[in-house]
Every structure is written in C-alpha cells, then in structure tokens.
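Structure first, commentary second.
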Amino acid sequence: MGKLLDGKWVSAEFSGDEKGRFVRGQTAYREKITRDGSSGFAPEAGRYHLYVSWACPWAHRTIIMRKLKKLESTVGMSVAQSFMGDDGWEFGDEYGSIADDVNDASYLRDVYLAADAAFTGRVTVPVLWDKQKKTIVNNESREIIRMFDTELDDFADPTINFCPPELRDKVDATIDAIFDPINNGVYRAGFGRSQEAYDEAVTELFEALDYWESVLGEQRYLCGHVPTEADWCLFTTLIRFDLVYHYHFKCNVRRVQDYPNLWNYTKELYQWPGVSEACNFDHIRRHYYRSHESINPHRIVPRGPIIDFTEPHDRARLD
C-alpha cells in the first residue's frame with residue numbers, strides 16, 4: 001500500500017490517530033457533471049470514463065448506479081485487479097479486470113499523475129475521468145452516483161430515479177447517518193490499532209445495524225417505500241459483510257444473516273434486475289484476504305462462507 005507525495009509513490013500504511021483509530025482521508029477531486037454544463041463538465045456520451053474495482057464497496061456503488069441507469073454505452077469503465085499490493089491498484093489480465101484503454105495506465109496512480117503530476121494523497125477508486133479535459137472530475141463515490149442518477153438522463157434511463165426531489169434531503173441525511181458507523185465502521189474495526197479503537201468501532205457498528213434492522217421492520221427501504229441512493233450505499237457494505245467483514249475485520253458480533261430484515265433486504269437488492277451482474281464475489285474475497293497483509297500475513301483466502309443471495313426474500317410484505 002502507498003500514496004503519492006508530490007507526484008512520487010511512497011510506501012505508507014493507513015493513517016490513524018493517537019488512540020489507534022483508523023482515519024479515512026478526504027477525497028481530492030470534487031468537480032461535478034451538471035445537466036446544464038455550467039460546471040464546465042457537460043453531460044456528453046463517450047466523454048467520461050470510470051475507474052473502479054469490483055472489490056471496493058465505494059467503487060461498487062458507482063458500478064451499480066452506472067448499470068441501473070443504463071449508462072454502460074455512455075460512460076466507459078476500467079476495472080483494477082483484485083490484489084492491491086505495494087504499488088496500489090493495478091490493471092492487468094486477471095479474469096474480471098478491464099484494462100485502461102483511455103490513459104493506458106498500468107497502475108491507478110498513473111491516472112492521478114496524468115491529472116496532476118505533483119499530486120499528493122491516497123490513490124483510491126472510484127475515479128471519474130474526463131477524456132476531453134484530460135483530468136479527474138471526481139473521486140468521491142456518493143457524488144459520482146448522484147451525477148449518474150440525476151445529471152445524465154439524456155443518455156440514461158430517465159424513468160429510474162433514486163433521488164427524487166421530494167426525498168433528496170432525507171436521502172442525503174440517511175447516507176450521512178450510515179457512513180461512519182457502518183460503511184466506514186467496518187474499516188474502523190478492521191484497521192483499528194488498539195483494543196479501544198476496535199471496541200468503539202464495533203459497538204457503534206452493531207448499534208447502527210440494530211437501528212436499521214428496526215427501521216426495515218416497518219418500511220421496505222431506508223427512506224420509505226421506494227429504493228434510493230441510500231439503499232445502494234448500504235447494500236455494498238451489507239453484501240460484503242458476512243463474506244469478509246465478519247471474519248477478516250472481526251465484525252463478528254452478528255452476521256447480516258442473523259438480522260431477519262437486513263438479510264431479506266440485502267437479498268431483495270441483490271435480486272434487483274442487473275445488480276447481480278455488477279457483483280464479483282471472487283474479486284471481493286481475493287482482494288480483502290490477499291491485500292491486507294497486516295491482518296492476514298499468509299494471505300490465505302478462505303473457501304467460505306457459502307451464501308445464497310438468490311433465495312426468496314419477504315420484503316413485499318411491507319408494500
């Protein structure tokens with residue numbers, strides 16, 4: 001693992017505070033595609049390219065939204081290999097990976113350097129690239145999914161909207177609410193460097209899961225009776241939970257399968273048309289167990305657990 005420092009690649013572990021808490025860095029690129037083009041980034045077919053990993057839950061959000069909004073022919077996509085080693089995300093010929101045919105990058109850091117030869121910071125997915133301006137538009141997942149959802153309807157399926165205007169404030173508040181205790185909470189637990197840091201993270205994680213279990217006992221989705229961006233933001237954590245976080249990150253108080261509402265909710269979202277095609281469990285499993293040497297020094301990838309996300313769910317009872 002590493003990062004760029006004034007354009008030079010350096011070895012660097014994940015950062016933490018004085019109590020051993022994992023601290024997630026801020027994303028660096030926050031420009032936006034706007035429907036009217038006033039941002040300088042107008043919606044155009046073929047102009048933008050998405051760099052992702054099947055394994056990363058943040059990138060996975062953007063893959064799913066691109067799929068659901070039917071943007072595959074509008075926004076190109078390159079997929080990194082599952083293993084992230086000392087050189088960071090790498091493009092290659094692993095099954096399921098897609099080479100970079102835009103910048104011909106061997107490593108994702110090459111894309112960041114193409115945008116800024118003196119870049120300093122973590123090199124993360126997802127990345128939304130502008131082929132016209134030859135720069136990174138945005139590398140913040142929640143902002144990329146919002147752009148895909150609302151700003152590209154001239155090229156997307158406009159009948160699908162996961163952030164209707166009347167729910168926008170609630171969707172944003174819900175994404176905020178699940179971020180630190182759940183989406184980031186599994187990483188705070190897994191990368192905590194003290195018992196105190198781990199205990200704090202795992203307690204907040206399961207308190208949040210307990211809360212949303214109760215909410216989903218009363219309504220079908222996080223913000224009510226229609227699926228929103230918030231649901232896809234939670235889904236990409238839940239789909240990985242029993243597969244890797246429960247064991248690898250020591251988030252083992254309970255499994256998602258032990259929560260009746262969360263488990264059936266996860267299955268329903270997985271069975272949404274097109275979503276299963278946007279999931280790669282082999283990349284997920286191989287990435288976590290092979291890339292995090294400090295947690296799994298022998299890089300042994302377990303065979304289990306075997307999870308059937310296709311079995312029937314009961315969420316229609318809440319309509």
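The values are calculated or read from the model by the stated rules, or taken from the named source; none is laboratory data. Fair warning: this is a prediction, and the values are worked out from it, not measured in the lab. No Cβ is skipped: glycine too gets one built from the backbone with ideal geometry, and neighbour counts run over all protein chains shown.
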For residue 317, state whether it is in a helix (DSSP H, G or I) and over 17 Å from residue 232 (Cα atoms). yes
I want to confirm something. Restricting to the stretch 260-314 and keeping residues that are in contact (Cβ under 8 Å) with a residue 60 or more places away in the chain and either among the acidic types (Asp, Glu) or in the same structural domain as residue 94 (by TED's automatic domain parsing) (or both), which single residue is farthest from residue 228 (Cα to Cα)? 282
Pick from 218, 200, 196: which is touching a residue at least 60 places away in the same chain (Cβ under 8 Å), in the same structural domain as residue 265 (by TED's automatic domain parsing), surrounded by fewer than 19 Cβ atoms within 10 Å (Cβ to Cβ) and within 27 Å of residue 319 (Cβ to Cβ)? 218
Under the condition of being more than 13 Å from residue 59 (Cβ to Cβ) and either out of contact with any Lys or Arg (no Cβ under 8 Å at 6 or more places or on another chain) or outside the structural domain of residue 8 (by TED's automatic domain parsing) (or both), which residue from the stretch 82-95 is surrounded by the fewest Cβ atoms within 10 Å (Cβ to Cβ)? 93
Out of the stretch 103-116, which residues are in a loop (DSSP other than H, G, I, E, B) and crowded, with 18+ Cβ neighbours inside 10 Å? 103, 105
Tell me, please, whether a residue that is in contact with a Ser or Thr (Cβ under 8 Å, 6 or more places away or on another chain) and closer than 30 Å to residue 6 by Cβ can be found in the stretch 141-157. yes
Are any of the residues in the stretch 9-27 surrounded by 15 or more Cβ atoms within 10 Å (Cβ to Cβ), among the aliphatic types (A, V, I, L, M) and not assigned by TED's automatic domain parsing to the domain that holds residue 240? no
